[in-house]
Number of protein chains: 2
Amino acid sequence: MRLSELSRRSGVSVTTIKYYLREGLLPPGRQLSATQAEYDDDHLRRLRLIRALTGPRGLSVSITRDLLGALEEHTGDIHVLLGLALGAIGPVGEPEGDAPEGSPERGEVDRLVDELGWAVHAGAPARTTLAETLASLRGLGVPLDWRVLLPYARLAERTAALDFDQLEGIDDSLEVMERALLLTVLLEPALLALRRLAQENESARRHAGA
Amino acid sequence: MRLSELSRRSGVSVTTIKYYLREGLLPPGRQLSATQAEYDDDHLRRLRLIRALTGPRGLSVSITRDLLGALEEHTGDIHVLLGLALGAIGPVGEPEGDAPEGSPERGEVDRLVDELGWAVHAGAPARTTLAETLASLRGLGVPLDWRVLLPYARLAERTAALDFDQLEGIDDSLEVMERALLLTVLLEPALLALRRLAQENESARRHAGA
């Protein structure tokens, strides 16, 4: 298909597609002439993936490019790929700088991970997010200890197992990666929404007759 | 304390504090003269709460004002208060308009909530968030059924129970509300961070020897 049809079918403007081509997020089409190129369904699929990753809750263009590049280089080793993907997604939310490397909260998070026995990178950005949350809550007079996070972490373990269950039965490793990224990023608002609803229900349960 | 000290101790600029006073988020201080007012620790605490709620992942100034107003009007009934608070927090993430009222996805979410037996408002914004997630994933070729969300919802129930456990033993209902809001909003990035770490660990567990 031509650029105009790729734009129509993907819902992404021609200008934006050209930008992705220039930035290397989208591989070039098959050149038909000096000014025309032909695109295929792989381009369409890739374009949808880029939109999902760079969407409202998503990644920067440069991180997306690095990630898509890594996906193609390491198609063999699914664990390396998933590690790269989950690492590249980066910290959750805006870093607030409340708990730098070496802060007491950072030490507590490392202790939490030890206690859980989790095999995760020492430099995982999510550790910093956790330390910042502890520091923020303390600054607001809610002195949560890292032990409070333990039962939450046990539930997160089970959530992650559900996430991986969604990937079972897919053979193509690039497809596994794409789906893992989509589920990780796109399920986030859904999981928070479920918590909100569950809180409303729990509030009714505990306080309805009080 | 004077305005300058309130600013120093809260870390919020004098200009921003004046803005909150003007917008009615912060009650006025005790007027000492035509140009000077005296503030106390309640102002400091309230200011910290406003900052937490309007921070990076937080609420608009107008929603925060409505919420703080509601907290003061309904100090008696904790369930009404929690309902107001959790409802007012609004949808999670940017609404993308993928699943309007009456869409098939919206119907599926209502079915999910029925199946769970949860007592939640028909108009809860989190329902819309869930419907939008289902619609987005489908648009990207990941056809998740609402039933896939059931085990996630069961884990969310247990997470919400942990949330409410943090509120046990606090008697002052305004304080319960403040803490509930802080835990709801501020724990969100931490819960997502725990999921990321748990995914990394689960990936290692499933694929390490493969």
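Here are the numbers for the structure shown:
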| read-out | value |
| --- | --- |
| Options A:Asp163, A:Asp145: the member that is among the charged types (D, E, K, R), closer than 27 Å to B:Thr133 by Cα and at pLDDT 85 or above | A:Asp163 |
| Residue match in region A:75-98 (condition: modelled with pLDDT of 80 or more and within 30 Å of A:His121 (Cα to Cα)) | no |
| Test: residue in region A:150-162 that is farther than 15 Å from A:Ser103 by Cα, more than 7 Å from chain B (Cβ to nearest Cβ) and of a type outside the set (D, E, K, R) | yes |
| Any chance B:Ala180 is touching a Lys or Arg at 6+ places or on another chain (Cβ under 6 Å) and either assigned to a helix (DSSP H, G or I) or within 7 Å of chain A (Cβ to nearest Cβ) (or both) | no |
| Pick from region A:107-129, criterion among the small types (Gly, Ala, Ser) and at pLDDT 90 or above, ranking: nearest to the chain's Cα centre (by Cα) | A:Gly117 |
| Residues being crowded, with 18+ Cβ neighbours inside 10 Å and in contact (Cβ under 8 Å) with a residue 24 or more places away in the chain - total across region B:159-175 | 2 |
| Residue match in region A:112-128 (condition: closer than 15 Å to B:Leu182 by Cβ, facing another protein chain (nearest Cβ under 7 Å) and assigned to a helix (DSSP H, G or I)) | no |
| Lone unmet requirement of (1) within 30 Å of B:Asp110 (Cβ to Cβ); (2) aromatic (Phe, Trp, Tyr); (3) in contact (Cβ under 8 Å) with a residue 12 or more places away in the chain for A:Tyr152 | (3) |
| Residue in region B:136-149 that is farthest from the chain's Cα centre (by Cα), counting only those that are within 8 Å of chain A (Cβ to nearest Cβ) and in a helix (DSSP H, G or I) | B:Gly139 |
| Pair list, Cβ under 6 Å, 6 or more apart: region B:35-52 residue more than 15 Å from B:Arg179 (Cβ to Cβ) and modelled with pLDDT of 90 or more, other residue outside any helix (DSSP H, G or I) and among the basic types (Lys, Arg) | B:Glu38/B:Arg30 |
| Options A:Ile17, A:Ile50: the member that is in contact with a helix residue (DSSP H, G or I) (Cβ under 8 Å, 6 or more places away or on another chain), over 19 Å from A:Glu175 (Cα atoms), of a type in the set (A, V, I, L, M) and buried (at least 18 other Cβ atoms within 10 Å of the Cβ) | A:Ile17 |
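The values are calculated or read from the model by the stated rules, or taken from the named source; none is laboratory data. Just so you know, these numbers come straight off a predicted model, no measurement behind them. Quick reminder, even Gly has a Cβ in these numbers, built from the backbone with ideal geometry, and neighbours come from all protein chains shown.
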